[in-house]
Amino acid sequence: MWRRLASQLVLAFFLMVLGHIIISYLPFPSVPEIWVNSKPYFDKQFLFFVLAGFLAQMVDGMLSMGYGVTSATCLISFGVNPVAVSAAIHTSEVFASGISGYSHYKFGNVNKKLFRHLVIPGVLGAILGAVMLVFLGEKAGKWLMPIMALYALFLGFKILYKAFQPSPTNKKVKRVGWLAGAGGFLDSFGGGGWGPIVTSSLIAKGRSPKYTIGSVSLTEFFVTLASALTFFVTVGVSHWNIVLGLLLGGGIAAPFAARLAGKLPRKTMMIAVGIMVMVWCIRMFIKSLS
């Protein structure tokens, strides 16, 4: 059922984006003129965009977090304007998270019961966060970032500590819906945090890293899509060469990342998750103070 719903949502989002492009470029120029105008965008730098998408999706697919941090770091190091970086990442992440979620499902990394508990609260939280951000303004979300970063930093240390302890039993985590709702809200309103908050909380409570990462990655598609649809209606999209590069690289990396997520040892995955959470926390804390 979720696959049919996901396909319909992606089609709806694609048609909205396509309609936006058509309206923006009416009346259409001739084909030679389109080629002349678009050719400069597909240069050597475009290959760097593909590389950024590949690296970002490898990290996100294996750890269920880090797509924004990794791709933003790569793109900014390539000299891309930060405004263009933000717009391109939000657009491309919809499609990249869809490919990643499907790959995790295909390789058996998804706990269906956990997914059902996460998806609806996560989507509702994402919509609420996006709507509030649109009405209150971007600066209103910045006060949340230090608090969220410190909380996730604590979880990162806790995950690292547990990585070197004996394997725990798979514990039942209470109030998963509230956790997903908070993660979705913070991801939209604060500019990020779904993976670091939800994944790290579940793993820190003793959930299996493999199934947690797979289930959270699949849910992330619906959360990201809900957020992106809300933002798209209000601000539109741009910088298509960057979006296309990220999509190509992410599409190539997604199956490999999902495969590795199911094969890596528990200790290795927990160490990687803990380190990624702490890197994200430090980056977001510094960003919130600047």
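Computed 3J(HN,Hα) for segment 43-48, one whole-Hz value per residue from the Karplus formula 6.51 cos²θ - 1.76 cosθ + 1.60 where θ = phi - 60°, is 10, 4, 5, 4, 5, 5, glycine and proline marked x. Tell me whether segment 199-265 comes out rounded, prolate or oblate; compute the Cα gyration tensor, take square roots of the eigenvalues as a ≥ b ≥ c, and use a/c under 1.5 as the rounded threshold. Oblate shape, in that a/c is at least 1.5 and b/c is the bigger or equal ratio. With R₀ set to 35 Å, the beta-carbon distance separating residue 275 from residue 233 gives a calculated FRET efficiency near 0.45.
Residue by residue, segment 271-284 carries 3J(HN,Hα) couplings of 5, 4, 5, x, 5, 5, 4, 5, 4, 4, 5, 4, 4, 5 Hz when phi is fed to the Karplus relation 6.51 cos²θ - 1.76 cosθ + 1.60 (θ = phi - 60°); x denotes Gly or Pro. Computed extension gain for residue 240 through residue 47, at 0.36 nm per residue and net of the alpha carbon distance, reaches 68.1 nm.
Give the shape of segment 238-290 as rounded, prolate or oblate, defined through the alpha-carbon gyration tensor: a ≥ b ≥ c are the square roots of its eigenvalues, a/c under 1.5 means rounded, and otherwise the shape is prolate if a/b is larger than b/c and oblate if not. Taking the square roots of the gyration eigenvalues as a ≥ b ≥ c, segment 238-290 is oblate.
Coordinate-derived values only; no laboratory data. Quantities reported herein were computed from a predicted structural model and do not represent experimental measurements. Reconstructed Cβ throughout: ideal geometry from the backbone, glycine too, with neighbour counts over all protein chains shown.
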